Amino acid sequence: IRRRKPHTNGLACGVEQLESRTLLTSPMITPDFDGVPPEPAMIRMHRSFNPNADYTIFTTQKVEHDTLVSWGYRDQTTGRDGFNVLAGDDEGAQPIHRLYNPNNGQHYFTLDNNERDFLDQVGWNVEPDMGYAFGRDAQQAGSTEIFMLYKKTGGDHIFTTNATERDQLLATHD
């Protein structure tokens with residue numbers, strides 16, 4: 001895991017600014033016009049690990065996750081902590097853009113339209129959005145930070161809401 005300085009693209013920085021950066025926050029329930037909290041439509045972000053390629057993939061598509069597991073990826077979702085994202089747009093939420101690099105097989109997530117457009121221009125494939133989340137600037141009280149870590153060997157990105165997992169990964173990887 002590389003300790004990296006924050007990007008200048010408006011994405012938020014992590015807890016100690018050099019260890020990780022916060023890409024997303026999961027949404028909180030906000031009162032509707034009657035003062036009654038609505039039940040937002042949430043979807044689980046599934047996590048699968050390919051031990052042969054030392055690569056983790058995230059998706060909100062259960063069919064994609066299950067297919068990857070049937071191909072030998074390790075299920076890192078079932079029975080584990082994880083996070084949900086909004087299934088649809090909500091006030092202040094942004095789409096979670098997923099991109100694919102056909103040169104190395106890596107996926108990348110961003111809320112930033114400019115970053116998505118730049119990566120598209122340099123050859124990444126723009127895939128369907130994977131739900132919605134609040135950026136750091138729109139973080140809601142009661143929301144949960146999702147930490148984004150980058151493993152420089154292999155180019156893998158890891159997303160976690162677990163500060164202990166984040167700290168363990170930072171302590172055990174370059």
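The values are calculated or read from the model by the stated rules, or taken from the named source; none is laboratory data. Fair warning: this is a prediction, and the values are worked out from it, not measured in the lab. Note that we place each Cβ from the backbone using ideal geometry, even for glycine, and neighbour counts take in every protein chain shown. Quick note on the areas: whole protein, heavy atoms, side chains included, nothing else; ligands and nucleic acids left out. Shrake-Rupley method; radii C 1.70, N 1.55, O 1.52, S 1.80 Å.
Measuring r between the beta carbons of residue 126 and residue 163 and using R0 = 30 Å, the FRET efficiency lands at 0.45. Amide H to amide H distances under 5 Å link residue 127 with 98, 99, 100, where only residues 5 or more positions off or on other chains count and H is placed in the peptide plane. With both labels modelled 7 Å from their Cα along Cα-to-Cβ, the residue 66 to residue 103 distance reads 3.6 nm. For region 85-174, the solvent-accessible area with a 1.4 angstrom probe is 49 square angstrom per residue. Extension gain for residue 118-residue 89 works out to 8.1 nm (0.36 nm per residue, less the C-alpha to C-alpha distance). In this structure, the amide hydrogen of residue 76, modeled 1.01 Å from its nitrogen in the peptide plane, lies closer than 5 angstrom to those of 47, 48, 49, counting only residues at least 5 positions away or on a different chain.
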